[in-house]
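Report on the structure given below.
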Amino acid sequence: MELHIVIQGRKDLANQLYEQLRDNIESGRLAAGVQLPPSRLLAAQLGLSRKTISDTYSRLTYENYLVGKIGSGTFVNALNAPTQRRQTTSQLASATRISKWQDISLPLRHPTLEGTLRCDFIGGATAKTQFPHDEWRRCTQYALRQMTQARGFYSQPEGLPALRSAIAGHIAFARGVKCTADDIVVCNGAQQALDLIARVLIEPGCTVAMEDPGYTPARQLFAAQGAEVVSVPVDSEGIVVEQIPENTHAIYVTPSHQMPLGMPMSLARREALLHKASRIGAIIIEDDYDSEFRYEGRPTDSLQSMDQFGVVAYVGTFSKTLLPELRLGYAVLPEAIREAVIKAKQLTDWHTSTLPQWALTKFISEGLLNKHIRRCHSIYAGRRDRILARFAGDLSPWMEAIPSTAGFHMAVMFKVPINVPLLVELARKVEIGLYPLTGFFTDAAPRDGLILGFGAVETLDIDPALDRLRDVLTQIA
C-alpha cells in the first residue's frame with residue numbers, strides 16, 4: 001500500500017515516523033485492520049534504516065495502536081478507535097439550513113438487504129429473478145469494448161447520442177412521445193431528472209402545484225429547493241385543474257397512473273391542464289414512471305404527446321422496467337428549458353456513467369427491452385389478478401382494492417376502522433411489509449388504506465402472505 005509519510009531533515013527520525021503513524025491511526029486515515037508495509041519496504045521508500053522502522057512499529061504495538069500477526073504482517077489495531085474531531089451542527093454558520101435537511105422524513109426509503117422481509121409489498125421495486133442477467137452481462141461486455149475505444153475525455157452531459165436515439169425510438173413506440181434524440185437528457189434515475197428541472201424553474205418563493213395525495217419524494221424535493229408547494233386535490237379524473245394557482249411556475253402530475261391511487265387522468269382533464277399551463281406560463285412535469293405495464297382498457301398515450309404548446313417536460317425511468325440499482329432515467333424537455341437543464345446537469349454531476357449507458361443502448365437496440373417488458377407484463381398481470389381476487393374474496397370484509405389499469409402497485413382502502421400502525425407492526429412480525437397511504441397525503445384529508453406494490457413479490461408468495469394478512473386482520477379486528 002502507499003503510505004503518506006514525510007520525513008524532514010536527519011534529526012529525530014524515529015519520532016517523526018511515530019507521530020505521523022499515530023496521528024494517521026487516531027484520525028482514521030489508517031483504518032482498523034489496514035496492513036502496514038513491511039519494515040524493509042517502508043525503510044527503502046523513506047530512506048531510513050530498517051531498525052528505525054522496526055523500533056517504531058514495536059512502540060506503536062506496545063501502545064496498542066498496532067498488532068502483529070505471525071506470518072501475515074503488522075496491522076492497525078481494531079481496538080483503537082479514531083479520535084472524533086468535529087463541530088456540532090449548532091456551531092456552523094449554516095446550522096438553520098442543515099437542520100431543515102436533517103428534519104426531512106424519508107417514508108419511502110427502501111430497506112437494506114439485512115432488513116428485507118420475506119414478502120414486501122413495497123412500491124417501485126422489482127424482483128431480480130425477472131431480470132435478464134445473461135443478456136445484460138453481454139451488453140455490459142459490449143459497453144466495456146466501446147469505452148476502450150474512447151479517448152478518455154468526459155462524455156456529453158445530455159447522454160450518449162446512441163442511447164438518446166434509442167430512447168426516442170422506444171418511447172415513441174411504447175408511450176407515443178413526440179421527440180428526437182436532441183430533446184432527451186439522460187439522468188441518474190427519474191429523481192435526478194426532477195431535480196434538474198426544478199433547479200432551472202424554481203427559486204425560493206416560487207409556486208409548484210402537485211397532486212394531493214401525490215408522490216412524496218417529489219414534494220420534498222421541490223420544498224427543499226425553496227418552493228411553496230401547493231396541494232391540489234384529485235378526483236376520479238385526476239388533478240382538479242381549476243384549483244391550480246394562477247402564479248404557478250411548475251405543475252407536477254402522474255397522469256397515466258396516479259401516484260398513489262392509480263387512476264388515469266381523463267382526456268378532458270388533460271386538455272384543460274395543457275391549456276391552463278400555457279395560459280399561466282407554467283411547465284408541466286409529467287412523471288410517467290411505470291405506465292409501460294397496462295392491463296385493461298385502451299392504451300393511453302403520454303400527456304406530452306398531446307402538447308401543442310411546448311409546456312410538458314416528460315420524465316421516464318428504467319428503474320421500473322429493469323432494476324432500481326441501475327439508476328437510469330431520462331427527461332424529454334421542451335425547447336424553452338432544454339439548454340438550461342443540460343447546463344444544470346453538467347454543473348451537478350457532469351454526465352451519467354457511460355458504462356450503463358452503452359449497455360442500455362445495446363439492450364434497447366437488440367429488442368431486449370421490449371422482450372423483457374412483455375415477459376414482465378405477463379407476470380405482473382398474474383400477480384395483479386391474484387391480489388384482486390383475494391380482496392374480492394376472503395379479505396373483502398376489511399378492505400377494498402382500487403384496481404389500477406397500469407403499473408405494478410394498487411391502492412387498497414379499509415372498509416372498517418383499523419389501527420393501521422398496529423397492522424403494519426404485526427404484519428412485519430410475520431415477514432410481511434405493508435405501507436400506509438397516509439404518507440402520501442399533505443393537506444387533503446388522509447384516507448386509511450395501503451399502497452400495495454407487487455413488483456418485488458414472487459407470485460407463489462402472494463397467497464401465503466395474504467393468508468397471514470387475513471389472520472392479522474382477524475386478530476386486531
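Only the coordinates and a few stated rules stand behind these numbers; no lab work does. All figures in this text were calculated on a predicted structure; none of them were measured in a lab. Neighbour counts run over all protein chains shown; Cβ positions are idealised from the backbone, glycine included.
Put simply, the amide H of VAL230, placed in the peptide plane, has neighbours under 5 Å in VAL208, ALA209, MET210, leaving out anything fewer than 5 places away on its chain.
Using θ = phi - 60° in the Karplus curve 6.51 cos²θ - 1.76 cosθ + 1.60, the 3J(HN,Hα) couplings for the stretch 36-53 round to 7, x, x, 4, 5, 5, 5, 4, 5, 5, 8, x, 10, 6, 5, 5, 4, 5 Hz; x is entered for Gly and Pro. Rounded to the nearest 0.05, what FRET efficiency is calculated for GLN35 and ASN15 with R0 set to 30 Å and r the Cβ-Cβ distance? The pair GLN35/ASN15 has a calculated efficiency of 0.80. In plain terms, the residue of ILE251, ILE285 with the fewest other Cβ atoms within 10 Å comes first and the most crowded comes last, giving ILE285, ILE251.
Note on the stretch 133-366: dipole from Cβ charges, positive end direction compared against ALA172, SER278, PRO245; the farthest Cα belongs to ALA172.
Dividing the radius of gyration of the alpha carbons in the stretch 105-257 by their Kirkwood radius gives 1.02 for Rg/Rh. Here the chain was treated as a single set of alpha-carbon atoms; its pair distances binned every 10 Å from 0 give 4, 17, 22, 20, 16, 11, 7, 3, 0 percent.
Over all directions, the projected convex hull of the C-alpha atoms in the stretch 133-366 averages 12.5 nm² in area. When the charge dipole of the chain is built from unit charges on Cβ atoms (+1 for Lys and Arg, -1 for Asp and Glu) and taken about the Cα centre, the candidate among LEU328, SER94, LEU42 whose Cα reaches farthest toward its positive end is LEU42. Taking every DSSP beta bridge that has both residues in the stretch 133-366, what percent is antiparallel when rounded to the nearest 5? Just about 35 percent of them are antiparallel.
For the stretch 13-76, the alpha-carbon radius of gyration amounts to 1.01 times the rule-of-thumb value 2.2 N^0.38 Å expected for a compact globular protein. The local environment of ASP394, defined by Cβ-Cβ distances under 11 Å, has a net charge of -1 under the rule Lys, Arg +1 and Asp, Glu -1.
Go through 92-103, 128-139 and give me the packing order, highest mean Cβ count within 10 Å leading.
Details: 92-103: 10.1, 128-139: 14.2.
In decreasing order of mean packing, 92-103, 128-139 become 128-139, 92-103.
Among the listed pairs LYS345/LYS371; LYS371/LYS429; LYS100/LYS415; LYS178/LYS345; LYS128/LYS429, those whose Cα-Cα separation exceeds 27 Å are LYS345/LYS371; LYS371/LYS429; LYS100/LYS415.
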